[in-house]
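Written below as structure tokens is the structure these notes are about.
Where a number appears in this text, it was derived from the coordinates with a stated rule and is not lab data. These figures come from a predicted structure and were not determined experimentally. Counting neighbours? That spans all protein chains shown, and the Cβs are built from the backbone with ideal geometry, glycine included.
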Amino acid sequence: MLRSGPLLAFFGLTALAGLIAMRIWTLPMIEAAGLPMLDVRMGGYTPDEVRAFLASLGAEGRAAYLGPQRVLDTLMPVALTAALGLLIYRLVARWSWWIGAALALVPLVYFAFDMLENAQVAVILRAPAPSDTMAETASRYTVAKAEALRAAVAVALVALAARAGERALGRGRKKGKGPMAFTVAIDGPAAAGKGTIARAVAAHFGFAYLDTGLLYRAVGAKVTEGADPLEAAQALRAEDLNAEGLRTQAVAEAASRVAVNPQVRAALVDFQRAFAARAGGAVLDGRDIGTVICPEAQAKLFVTASPEVRAERRYLELVEGGHEATREAVLDDVKARDARDSERATAPLRPADDAVVIDTSEMSIKEAVAAAIGAVEARGAKA
Ligand SMILES: Nc1ncnc2c1ncn2[C@@H]1O[C@H](COP(=O)(O)OP(=O)(O)O)[C@@H](O)[C@H]1O
Ligand SMILES: Nc1ccn([C@H]2C[C@H](O)[C@@H](COP(=O)(O)OP(=O)(O)O)O2)c(=O)n1
């Protein structure tokens with residue numbers, strides 16, 4: 001899974017490098033006579049100002065404007081657009097992915113106007129005697145570019161401020177509950193080893209453990225007996241999690257089906273959040289713990305493994321537990337649940353941006369547990 005943090009840093013640094021290259025290399029040639037190049041006149045320019053600028057431009061400046069400056073002024077906006085778009089999406093998608101995606105389009109508007117501006121400036125530079133219309137069109141693109149850029153930066157700043165406010169509130173809430181309210185969120189697909197790791201992490205740090213899959217399994221089991229999904233979720237009690245038969249494939253399938261229902265999910269939120277906030281620390285495993293239930297968890301792990309490895313583990317577990325199963329059927333079930341859990345509209349399975357990803361495909365249980373404990377320690381938990 002590609003993490004957006006390193007990508008964001010890459011695009012941000014590339015944009016900065018582009019700006020520095022212009023400042024020290026192309027701009028001194030283009031602005032040799034002291035008149036600012038057209039692209040930086042954010043308020044626009046008149047045809048006379050364009051003509052004055054062209055008259056001051058030497059052969060070297062004109063070649064630089066049409067050559068390396070055009071290349072840099074394409075690369076830099078690409079990087080800046082990607083950086084702003086990613087930043088906005090990353091910050092806003094925590095609350096709503098589609099609003100995040102829509103707002104991430106604002107930098108693209110800036111990019112489009114910047115490219116139009118570049119093309120029009122090139123037309124002007126190549127024309128023997130640029131017309132008023134040519135200059136006015138370029139000026140309109142420059143103004144539109146500047147406004148779209150200001151809007152994109154404003155969206156990013158508002159999203160950053162909202163995120164900072166949310167963090168400050170989260171810290172305040174946790175302080176009120178005492179220093180021991182440490183939450184470990186563990187998410188991942190079926191049979192990746194979440195429960196195994198979660199139990200070991202809880203035992204190591206002395207935290208309480210909640211397998212949130214059991215909530216959905218308990219609701220799924222009641223639904224297979226004819227209950228209404230929402231009523232079953234609203235009436236769920238802690239004792240229901242100890243019911244017989246919750247570990248079967250049929251119940252797992254029913255759980256994955258009821259888990260698509262946003263009302264069922266909403267009915268189970270308070271129970272999970274109350275558990276997460278208990279003094280003394282808590283470990284919760286599931287699909288949406290780090291993204292929806294506890295976005296402020298101090299440690300987030302995303303435990304995964306290839307479908308084949310996971311299906312083999314689940315198959316062995318079922319056979320050892322005396323259940324009937326075939327490898328093919330278990331693999332089909334794992335893949336079907338993966339698809340349903342990842343593609344549902346509400347709280348789909350995905351790693352939180354700040355989750356540590358642990359792929360256990362080639363790890364023993366001991367290695368996977370050690371990696372998890374190391375990651376949780378790195379976030380400040382003490383045994
Ligand atoms: N790293 C691992 N290597 C081998 N087997 C594992 C590993 N992690 C878990 N298992 C086994 O795989 C099965 C599923 O693990 P479990 O922790 O229940 O997964 P999940 O909670 O993600 O569904 C269990 O039988 C467990 O013993
Ligand atoms: N936090 C959670 C936990 C489970 N679910 C759903 C999705 C899963 O397919 C089912 C069963 O989850 P469970 O963790 O018990 O399944 P596995 O042990 O990983 O096979 O419940 C969920 O949507 N959100």
Coordinate range along principal axes, alpha carbons of segment 1-95, Å, largest first | 53, 25, 16
Dipole magnitude of the chain about its Cα centre, charges +1 at Lys/Arg Cβ and -1 at Asp/Glu Cβ only, in debye to the nearest 20?
-> 1080
Pick out which of Gly44, Gly322, Gly58 has the largest mean-square fluctuation in a Gaussian network model of the chain, springs linking Cα atoms closer than 10 Å.
-> Gly322
In whole percent, what relative contact order does the chain give with Cα contacts below 8 Å and a gap of six or more residues?
-> 17
Order by neighbour count: His204, His323, fewest other Cβ atoms within 10 Å first, most last.
-> His323, His204
For the chain, set up a Gaussian network in which alpha carbons nearer than 10 Å are linked by springs, and say which option among Leu316, Leu349, Leu87 fluctuates the most.
-> Leu316
At what distance in nm do the modelled label points of Ile24 and Ala127 sit from each other, each positioned 7 Å from its Cα along Cα→Cβ?
-> 3.6
Rounded FRET efficiency, nearest 0.05, which uses the C-beta distance separating Ser342 from Arg273 and R0 of 30 Å | 0.85
If we count every other residue with Cβ under 13 angstrom of Ala266's Cβ, Lys/Arg +1 and Asp/Glu -1, where does the sum land?
-> 0
Rank these for me by crowding, Lys300, Lys366, going from fewest to most other beta carbons within 10 Å.
-> Lys366, Lys300
Met134 neighbourhood, Cβ < 14 Å, K/R = +1, D/E = -1, net charge -2
Taking Cα atoms, the helix 307-320 axis meets the longest principal axis of the chain at an angle in degrees (rounded to 10) of 10
Can you grab the distance from the C-alpha centre of segment 62-84 to the C-alpha centre of segment 247-289, Å, no decimals?
-> 48
Which order do the peptides 216-224, 255-263 take when ranked by the mean count of other beta-carbon atoms within 10 Å per residue, highest first?
-> 216-224, 255-263
Non-local residues with an amide H under 5 Å from the amide H of Lys300, with H modelled 1.01 Å from N and Pro and chain starts lacking one, are Ala185, Val356
Around Ala370, what is the net charge, scoring Lys/Arg as +1 and Asp/Glu as -1 over all other residues with Cβ under 15 Å from its Cβ?
-> -2
Name all residues of segment 281-300 having a backbone nitrogen under 12 Å from the label point set 7 Å from the Cα of Ala208 along its Cα→Cβ direction, giving them as ranges.
-> 281-284
Mean separation of Cα pairs under 8 Å and 6+ residues apart, divided by the residue count of segment 291-349: what relative contact order is that in percent?
-> 30
To the nearest 0.05, how large is the calculated FRET efficiency for Ala227 and Val153 if R₀ is 51 Å and r is the Cβ-Cβ distance?
-> 0.50
Near-label residues of segment 209-235 by backbone N, under 20 Å of a point 7 Å along Cα→Cβ of Glu253 = 213-229
For each of Lys335, Lys145, Lys382, count neighbouring Cβ atoms within 10 Å of the residue's Cβ, then give the residues from fewest to most.
-> Lys382, Lys335, Lys145
